[in-house]
1. If I ask for residues that are in a loop (DSSP other than H, G, I, E, B) and among the charged types (D, E, K, R), which ones from the range 221-239 would you list?
2. Within 15 Å of VAL212 (Cβ to Cβ) and within 17 Å of the chain's Cα centre (by Cα) - does that describe any residue in the range 136-153?
3. Out of all the residues in the range 96-107, is one or more outside any helix (DSSP H, G or I), surrounded by 12 or more Cβ atoms within 10 Å (Cβ to Cβ), of a type outside the set (Asp, Glu) and in contact with a helix residue (DSSP H, G or I) (Cβ under 6 Å, 6 or more places away or on another chain)?
4. Considering every residue within the range 137-145, establish whether at least one is part of a strand (DSSP E or B) and surrounded by fewer than 19 Cβ atoms within 10 Å (Cβ to Cβ).
5. Can you tell me which of (1) farther than 26 Å from LEU124 by Cα; (2) at pLDDT below 95 is the one LEU256 doesn't meet?
6. Would you please name the residue that is surrounded by the fewest Cβ atoms within 10 Å (Cβ to Cβ), looking only at residues in the range 149-172 that are among the small types (Gly, Ala, Ser) and outside any helix (DSSP H, G or I)?
Amino acid sequence: MATRIFRGSHLQLFRKVVYTRSYATASTAHPGIFRRTVKGTFKYVVLPSTFFAASYIATRRLVADENTEPDVIDMSLYADGDAEISALPLVQSLRADPRYKESRPHAEFPIHLRDHSLTTGVLLSPDRLTVPSLVFVDKSKLESVAVMKIGSKLCGHPGIIHGGLLATLLDEGLCHVGFHALPSRLGVTAKLAVNFRSPAYADKIYIMHAKVTKHEGRKAWVSGYIESVPEKAGDKPVVIAESEVMVVQPKWVSRLPTIVNAD
């Protein structure tokens with residue numbers, strides 16, 4: 001008979017052993033107490049301890065192997081796209097503005113977790129999201145500007161970027177700045193609305209603007225849009241899609257894994 005008891009994250013199994021007494025005959029010797037003690041100690045103490053020690057060592061080695069990997073993407077792999085983005089007048093002006101802090105959230109995502117992530121793993125490649133997005137955040141005004149290049153393998157219609165991808169990018173971009181308005185700077189999307197205005201063509205650079213319009217306690221409302229980069233002097237950017245999102249800090253926020261700091 002076995003009874004399972006949960007305590008924290010550990011499962012403990014207690015066995016209720018039923019003992020039976022047998023009476024020795026003249027030809028059968030009853031085992032001594034010393035022999036029974038040694039056998040019980042080996043079976044119930046030594047073997048389980050060895051098993052758990054081996055499991056612990058193996059786990060520690062796995063974690064150590066993961067932690068030895070660098071946590072920052074080698075940007076030399078994206079040199080061409082990075083140079084194209086860095087040459088934009090908008091990027092140069094933002095880098096010169098002390099109010100904005102520059103970061104690449106996708107490039108700072110832990111390597112051993114990227115295979116399980118959509119935008120930092122599966123979609124980050126030369127013909128998809130061709131370079132980790134460059135993000136500038138003004139914490140005082142709760143505003144952000146993100147620069148990204150979208151490749152040719154993320155299309156719906158031929159040559160036109162899939163609207164679902166644009167919605168995903170808006171969700172992440174608006175939430176990123178919205179997190180700065182939350183007490184723990186960590187949250188989840190509660191509502192997302194997207195209006196598509198113009199087609200987004202593949203192999204182009206796009207700019208995302210986002211701003212927190214309101215925040216109360218564990219909730220923040222953010223609006224933003226994606227626009228094109230003018231190809232000729234005097235041209236105006238074309239708005240591709242507009243979005244509004246409500247991001248909330250759930251009551252169970254402590255159980256959310258903090259992989260990348262909101263900074």
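The values are calculated or read from the model by the stated rules, or taken from the named source; none is laboratory data. Because the structure is a prediction, the values reported are computed rather than measured. A quick note on method: Cβ atoms are made from the backbone with ideal geometry, for glycine too, and the neighbour counts reach across all protein chains shown.
1. GLU231, LYS232, ASP235, LYS236
2. no
3. Yes, some residue in the range 96-107 is outside any helix (DSSP H, G or I), surrounded by 12 or more Cβ atoms within 10 Å (Cβ to Cβ), of a type outside the set (Asp, Glu) and in contact with a helix residue (DSSP H, G or I) (Cβ under 6 Å, 6 or more places away or on another chain).
4. Among the residues of the range 137-145, at least one is part of a strand (DSSP E or B) and surrounded by fewer than 19 Cβ atoms within 10 Å (Cβ to Cβ), which makes the answer yes.
5. (1) is the only condition that LEU256 fails.
6. Across the range 149-172, the extreme among qualifying residues is GLY159.
Residue-wise test of (1) part of a strand (DSSP E or B); (2) more than 22 Å from the chain's Cα centre (by Cα); (3) of a type in the set (D, E, K, R); (4) more than 25 Å from GLY81 (Cβ to Cβ).
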| position | (1), (2), (3), (4) |
| --- | --- |
| LEU174 | no, no, no, no |
| PRO183 | no, no, no, yes |
| ASN195 | yes, yes, no, yes |
| MET208 | yes, no, no, no |
| ALA241 | yes, yes, no, no |
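Conditions tested, residue by residue: (1) polar (S, T, N, Q); (2) within 24 Å of ARG185 (Cβ to Cβ); (3) at pLDDT below 95.
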site	(1), (2), (3)
SER93	yes, no, no
ASP97	no, yes, no
ARG104	no, yes, yes
GLU108	no, yes, yes
PRO132	no, yes, yes
GLU143	no, yes, no
HIS157	no, no, no
LEU165	no, no, no
